[in-house]
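The next block holds one structure in the form of structure tokens; read it before the comments.
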Amino acid sequence: MKNPKEEQTYVMIKPDGVRKGLVGEVIRRFEQRDLKIVALEMFQPTHDQIDNHYPKNEEWVTRLGEKTVSTYEKYGYDLIADFGTTDRAKIGPEIRKWLLDYMKSAPLVKMIVQGLHSVDVVRKLAGETLPYKAAVGTIRGDFSIDSPALANKEKRAVMNIIHCSETPEEANHEIKHWFGDNTTYDYKRFGVDE
Ligand code: ATP
Ligand code: MG
């Protein structure tokens, strides 16, 4: 059994995060919470890398559609006018395409973040997926306000600054996908590891 302090999660600063100049701010918030960056790199992703990063199964893709449908219903917007259908299973794939375009639109910064409950703590620091719902004090809640109501009218994905793994299993998978077997850099943080 690994030490609980060795839990790792995968984080990517998305194109809007890089273009807003938030690379330093995002890393600062993780480090401030006693989490440790153990791998870090800026890169321009290929189409296939992004395509293989996001799940392709119907359940996940339909869930993407679900977020759009609930926003549209809440605000009384017309799904038929924007998508030609109300079927989540058909709206989901369209959004996944926009997501790939968005993720390729600028360089990304990828990192492995390590520490106690790092998966959950990083998600908490990130805030809810849809920035207009994200609490103040979170990365998304402090630096963005986007929602499907605007993004989908502009035929694009919701811009929300960072990606972070949802579960430890997803983290393992994403770390392998993006870093392969490259070594991470371990070191002792003052006040955390000793
Ligand atoms: P991430 O996986 O990027 O950390 P997340 O887990 O909070 O975000 P997911 O449900 O996995 O959110 O969605 C992946 C990404 O797809 C979101 O981060 C956002 O950029 C985009 N997205 C999600 N829902 C919608 C939507 N309804 N319309 C447009 N884009 C969306
Ligand atoms: Mg996700």
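Of all residues in segment 132-149, those satisfying the criterion of being at negative phi, more than 9 Å from ligand 1 (Cβ to nearest atom) and either at pLDDT 95 or above or of a type outside the set (A, V, I, L, M, F, W, C) (or both) are Tyr132, Lys133, Ala134, Ala135, Val136, Thr138, Ile139, Gly141, Asp142, Phe143, Ser144, Ile145. Exactly one residue out of Thr183, Thr167 is over 14 Å from the mean Cα position of the chain (by Cα) and of a type in the set (Val, Ile, Thr): that is Thr183. Every condition in (1) closer than 30 Å to Lys2 by Cα; (2) open to solvent by 20 Å² or more (accessible area, probe 1.4 Å); (3) assigned to a helix (DSSP H, G or I); (4) of a type in the set (A, V, I, L, M, F, W, C) holds for Leu116 except the one numbered (3). For segment 147-160, what are the residues that are part of a loop (DSSP other than H, G, I, E, B) and surrounded by fewer than 15 Cβ atoms within 10 Å (Cβ to Cβ)? Across segment 147-160, the qualifying residues are Lys153, Glu154, Lys155.
Within the group Lys97, Lys90, Lys110, which residue is closer than 19 Å to Met159 by Cβ, of a type outside the set (Ser, Thr, Tyr) and in contact with a helix residue (DSSP H, G or I) (Cβ under 8 Å, 6 or more places away or on another chain)?
Values: Lys97 fails: in contact with a helix residue (DSSP H, G or I) (Cβ under 8 Å, 6 or more places away or on another chain); Lys90 fails: closer than 19 Å to Met159 by Cβ.
Step by step, each of Lys97, Lys90, Lys110 is checked, and only Lys110 is closer than 19 Å to Met159 by Cβ, of a type outside the set (Ser, Thr, Tyr) and in contact with a helix residue (DSSP H, G or I) (Cβ under 8 Å, 6 or more places away or on another chain).
Taken over segment 22-44, residues that are open to solvent by 60 Å² or more (accessible area, probe 1.4 Å) and either in a loop (DSSP other than H, G, I, E, B) or among the acidic types (Asp, Glu) (or both) amount to 5.
So for segment 58-75 (the condition being acidic (Asp, Glu), more than 22 Å from Thr129 (Cβ to Cβ), more than 16 Å from the chain's Cα centre (by Cα) and outside any strand (DSSP E or B)), does at least one residue qualify?
No, that holds for no residue.
Within this structure, Gly141 fails the test of being over 13 Å from the mean Cα position of the chain (by Cα) and either over 19 Å from Gly21 (Cα atoms) or open to solvent by 80 Å² or more (accessible area, probe 1.4 Å) (or both).
Restricting segment 1-17 to residues that are assigned to a loop (DSSP other than H, G, I, E, B) and either open to solvent by less than 70 Å² (accessible area, probe 1.4 Å) or among the polar types (S, T, N, Q) (or both), which is farthest from Gln114 (Cα to Cα)?
Step one: filter segment 1-17 for residues assigned to a loop (DSSP other than H, G, I, E, B), giving 1-3, 7, 14.
Now restrict to residues that are either open to solvent by less than 70 Å² (accessible area, probe 1.4 Å) or among the polar types (S, T, N, Q) (or both): 3, 7, 14.
Values: Asn3: 11, Glu7: 6, Lys14: 20 Å.
Filtering segment 1-17 for residues that are assigned to a loop (DSSP other than H, G, I, E, B) and either open to solvent by less than 70 Å² (accessible area, probe 1.4 Å) or among the polar types (S, T, N, Q) (or both), the one farthest from Gln114 (Cα to Cα) comes out as Lys14.
Consider segment 161-194 and keep the residues that are modelled with pLDDT of 95 or more, in a loop (DSSP other than H, G, I, E, B) and touching a helix residue (DSSP H, G or I) at 6+ places or on another chain (Cβ under 8 Å). The one that is surrounded by the most Cβ atoms within 10 Å (Cβ to Cβ) is Ile161.
The values are calculated or read from the model by the stated rules, or taken from the named source; none is laboratory data. These numbers were taken from a predicted model, which means no experiment stands behind them. Using ideal geometry, Cβ is built from the backbone for each residue, glycine included, and neighbour counts are taken over all protein chains shown. Accessible surface areas use protein heavy atoms only, side chains included; no ligands, DNA or RNA. Shrake-Rupley method; radii C 1.70, N 1.55, O 1.52, S 1.80 Å.
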